[in-house]
Amino acid sequence: MNLRSLNSITLILLGLILFSCETSEKEKQQKPNILFIMSDDHAYQAVSAYGHGLNKTPNIDRLAEEGAVFTRATVTNSICAPSRAVLLTGKHSFINGKVDNVQPFNWDQDNFPKLMQANGYQTAMIGKIHLDGLPQGFDFSMVLPGQGHYYNPDFLINGERKRFEGYCTEIITETMLDWLKNKRDPNKPFCALYHQKAPHRNWKPAPKYLTLYDDVTFDPPANYFDDYEGMGTAAKEQEMQIDGHARWGHDFKMLVDPDGNPTGFENELKRFNEKQKEDWLAAYTPKNEAMKAAKLEGKELGLWKFNRYIKDYLRTIKSVDDGVGEVLDYLDEAGLAENTIVVYTSDQGFYLGEHGWFDKRFMYEESFRTPLLMRYPKEIEAGTKIDKLVQNLDFAPTFLDYAGIEIPEEMQGESFRELVGGKTEEWRDAVYYTYYEYPSVHMVKRHYGVATERYKLMHFYYDIDEWEMYDLETDPSEMQNVYGNPEYAEIQKELHSRLEELREYYGDSDENNEKFKKAYLNHQEKRRKEQEARQAAQKNN
Ligand code: SGN
Ligand code: CA
């Protein structure tokens, strides 16, 4: 072989290597991007794609029109931080350890962003995370410390605290857009978590929406004035009634209550700048004056409270929907829409006056379910509707599946890629639920349970020992506990054995409950001592 032919072989080989590098680079780029949008406490009743007629969310609805809507997406534990731990780890609360809002979260365990990062994805977390400690698995993180503020919030940017001027929802959207436009590496697929604080309590609307819905009156749900007669002790003893537990200042934004006593809301306005405060007072003062002048009582007062609550709640959602619109528009403009999986969901559902309530926590439908909409033009047909029981437990395995990354053994959820892609109809027929944060704010008792497409069985424990069972087909609002009703004896038996099977399958037990009870009591005891010490120190000063 002469030197010349050797050179041409080298050139051919080099060409082949370059070609294969190029294709693998292309393949890499073909991995789908993931834009995971989540808000906090957004009830499916307030997403217009679900057809409840309360409000309009045209931008969020786009995902259903151009992709899929899930009618029975549920959570494994209806409260903020635990829900986030579940979605990151793909493991139930009693396995990942974050059972309630107070237990620490162990960031050292596997989570799906870490796995995506290790497999060539660029990752970002922007918004509310509600898990203490520096988020692991993200190339960039900008998160609210704890619950965060609606006005002029602080954020932790890769761990460093910075105050922002403006409205939280808008700041989170702007940061998301800035990341997509200016920080995104075009040579890598991305996985971005865009997580709004809104519409979390206490529902402070953006300056531009302070008077939205002023000219509308909303009717509450049919069971707004529920007396819980058909339900159990847990429903009777909660503290989350709009007309009962919501507060004049914090929740209804009155500076003085109808008896003329200051509510303390003035303090919340101290965080506002002059202009924000001026706009706020210009919008709320006339409404508050009119309320006082009307001297409402009884049911009329209950209806006023419902309206004040729901309007502020929906106003904060308007800003969330605007943000979704801006980000979807950007994906279109940048040519990213085709290859990006966009998910919209909430950390759990919420009561919009059903049973008279706000808040969540219970395994009853409105808080057990959560909105879920998803678009991925390459695999999901426009207008898809999925009625199967998917859970937040399934997000991690689903995203890994789309990214072609092996799903770790210990993840307990299932990928719903094939289900939503129309490749299979096979799916689980029951899901398992746990809730632990009691005694605590809103006083929702500890419980666990099983839900099938039609029935639900729950066990409330700790300071009671009560079972509840509902037939969602005959009683979709869950007004009548049928546990012990002879007509349901056979189904009750089946549900009990299904519940035991699931507890065993996922690795849950009464011993777990005992362990988490002790951890919770220890935490409370620690808090009590800290408070005592603080008070003693104050006295000595
Ligand atoms: C705060 C709220 C509660 C809410 C919890 C948990 N009170 O304590 O109403 O249930 O958060 O919410 S507030 O006075 O701060 O508004 S969660 O979404 O973070 O789990
Ligand atoms: Ca929440």
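The values are calculated or read from the model by the stated rules, or taken from the named source; none is laboratory data. Because the structure is a prediction, the values reported are computed rather than measured. Here Cβ is always computed from backbone atoms with ideal geometry, including for glycine, and neighbour counts include all displayed protein chains. When the accessible area is computed, the model is the full protein with side chains, heavy atoms only, and any ligands, DNA or RNA have been set aside. Shrake-Rupley method; radii C 1.70, N 1.55, O 1.52, S 1.80 Å.
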Exercise for the section: Name the one entry in Q117, Q136 that is modelled with pLDDT of 95 or more, open to solvent by 10 Å² or more (accessible area, probe 1.4 Å) and over 21 Å from K197 (Cα atoms). Expected result: Q117
Practice task
Test G53 against the stated conditions and say whether it is over 19 Å from the mean Cα position of the chain (by Cα), more than 15 Å from ligand 2 (Cβ to nearest atom) and over 28 Å from G159 (Cβ atoms).
Solution key: yes
Handout entry: Failed item, numbered, when F272 is tested on (1) over 25 Å from Y438 (Cβ atoms); (2) surrounded by fewer than 18 Cβ atoms within 10 Å (Cβ to Cβ); (3) of a type outside the set (S, T, Y)
Key = (2)
Fill in the blank from the handout: In the set F190, F164, F155, the lone residue that is over 23 Å from H42 (Cβ atoms) and either more than 16 Å from the chain's Cα centre (by Cα) or surrounded by fewer than 22 Cβ atoms within 10 Å (Cβ to Cβ) (or both) is F190
Practice task
Could you look through the stretch 399-423, keep only residues that are of a type outside the set (A, V, I, L, M) and more than 20 Å from L373 (Cβ to Cβ), and pick out the one that is surrounded by the most Cβ atoms within 10 Å (Cβ to Cβ)?
Solution key: Q412
Problem - Residue within the stretch 143-151 that is surrounded by 16 or more Cβ atoms within 10 Å (Cβ to Cβ), more than 16 Å from ligand 1 (Cβ to nearest atom) and either over 25 Å from E170 (Cβ atoms) or in contact (Cβ under 8 Å) with a residue 12 or more places away in the chain (or both) present - result: no
Problem - Answer residue from the stretch 359-369, given it is open to solvent by 10 Å² or more (accessible area, probe 1.4 Å) and more than 15 Å from ligand 1 (Cβ to nearest atom) and is nearest to the chain's Cα centre (by Cα) among those - result: R369
Practice task
Residues that are over 30 Å from F516 (Cα atoms) and of a type in the set (D, E): find the strands (runs of 3 or more DSSP E) completely inside the stretch 90-192 holding 1 or more of those.
Solution key: 154-157, 160-163
Practice task
Determine which single condition G127 fails, assuming it passes every other condition in (1) touching a Gly at 6+ places or on another chain (Cβ under 8 Å); (2) crowded, with 23+ Cβ neighbours inside 10 Å.
Solution key: (1)
Exercise for the section: Specify which of the listed residues (N77, N101) is open to solvent by 10 Å² or more (accessible area, probe 1.4 Å), within 16 Å of ligand 2 (Cβ to nearest atom), modelled with pLDDT of 95 or more and in the same structural domain as Q348 (by TED's automatic domain parsing). Expected result: N101
Exercise for the section: Kindly check whether there is at least one residue in the stretch 243-264 that is assigned to a helix (DSSP H, G or I) and either free of Cβ contacts under 8 Å to residues at least 12 places away in the same chain or surrounded by 12 or more Cβ atoms within 10 Å (Cβ to Cβ) (or both). Expected result: no
Problem - All helices (runs of 4 or more DSSP H) inside the stretch 298-416 with 3 or more residues being of a type in the set (A, V, I, L, M, F, W, C) and at pLDDT 95 or above - result: 298-333, 395-402
Exercise for the section: Quick one: in the stretch 333-358, of everything that is open to solvent by 10 Å² or more (accessible area, probe 1.4 Å) and of a type outside the set (G, A, S), which residue is nearest to ligand 2 (Cβ to nearest atom)? Expected result: E354
Problem - Elements of type strands (runs of 3 or more DSSP E) in the stretch 425-513, at least 2 residues being of a type in the set (S, T, Y) and open to solvent by less than 40 Å² (accessible area, probe 1.4 Å) - result: 430-435, 447-452
